[in-house]
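Taking it in order: structure first as structure tokens, then the write-up.
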Amino acid sequence: MGAVSYETDRDHDLAPRRMAKYRTPSGEVFEIPFADDAEIPEEWPCKNGQTGTLIEGEGVESKPVKPPRTHWDMLLERRTIDELDELLEERLEQLRKRRRNAARIAKEQKEAQENQA
């Protein structure tokens, strides 16, 4: 949608179309070709990243866009906050246990080196 075709217009009968003009907030004006029977939207994204508003004629309002589901939303579909708190505590306890074991092993190795010296 909105892409420019690089095919030549020679030796073809093109579908009837009309051009829609849009203006961005920065004042840039651009045209987009639409089929004659297509509904022209009120807004169209410009190459510069801004959204252009239809200058001439009346366009069709865009449908409200549903906000994207985040990872957090999907997680909350599977688990409650209480379950997540419980899982967090379990994982933190595992990490603490690993750190205690690593500290104990390091202390034993240090004592063994001191005894050899």
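The values are calculated or read from the model by the stated rules, or taken from the named source; none is laboratory data. Here the structure is a predicted model, which is why all the values come from computation and not from measurement. Here the Cβ is made from the backbone with ideal geometry for all residues, glycine too, and neighbour counts use every protein chain on show.
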Next on the checklist: Only one of LYS110, LYS97, LYS66, LYS47 is part of a loop (DSSP other than H, G, I, E, B) and either surrounded by 10 or more Cβ atoms within 10 Å (Cβ to Cβ) or of a type in the set (S, T, N, Q) (or both). Can you tell me which?
Outcome noted: LYS47
Checklist entry - Within the group MET74, MET1, which residue is at pLDDT 95 or above and either touching an Asp or Glu at 6+ places or on another chain (Cβ under 6 Å) or not β-branched (Val, Ile, Thr) (or both)? => result MET74
Checklist entry - So SER5 fits all but one of (1) part of a loop (DSSP other than H, G, I, E, B); (2) under 25 Å from the mean Cα position of the chain (by Cα); (3) not charged (D, E, K, R); what number is the exception? => result (2)
Checklist entry - Restricting attention to the stretch 56-92, which residues are farther than 30 Å from MET19 by Cβ, out of contact with any helix residue (DSSP H, G or I) (no Cβ under 9 Å at 6 or more places or on another chain) and among the charged types (D, E, K, R)? => result LYS66, ASP73, GLU77, ARG78, ASP82, GLU83, ASP85, GLU86, GLU89, GLU90, ARG91
Item to check | Selected residue (criterion: farthest from LEU54 (Cα to Cα)) from residues of the stretch 9-26 that are more than 27 Å from the chain's Cα centre (by Cα) and not in a strand (DSSP E or B) | outcome: ASP11
Checklist entry - From the set of residues in the stretch 50-63 that are part of a loop (DSSP other than H, G, I, E, B) and either under 21 Å from the mean Cα position of the chain (by Cα) or of a type in the set (Val, Ile, Thr) (or both), which is nearest to ALA3 (Cα to Cα)? => result GLN50
Checklist entry - Which condition does THR24 not pass, out of (1) touching a Cys at 6+ places or on another chain (Cβ under 7 Å); (2) touching a residue at least 40 places away in the same chain (Cβ under 8 Å), if it passes all the others? => result (2)
Item to check | Those residues of the stretch 31-44 which are surrounded by 11 or more Cβ atoms within 10 Å (Cβ to Cβ) and in a loop (DSSP other than H, G, I, E, B), in sequence order | outcome: ALA38, ILE40, GLU42
Item to check | GLU28 at pLDDT 90 or above, surrounded by 10 or more Cβ atoms within 10 Å (Cβ to Cβ) and within 29 Å of VAL4 (Cβ to Cβ) | outcome: yes
Checklist entry - Does ILE55 fit the bill of being modelled with pLDDT of 90 or more, surrounded by 10 or more Cβ atoms within 10 Å (Cβ to Cβ) and touching a Phe, Trp or Tyr at 6+ places or on another chain (Cβ under 7 Å)? => result yes
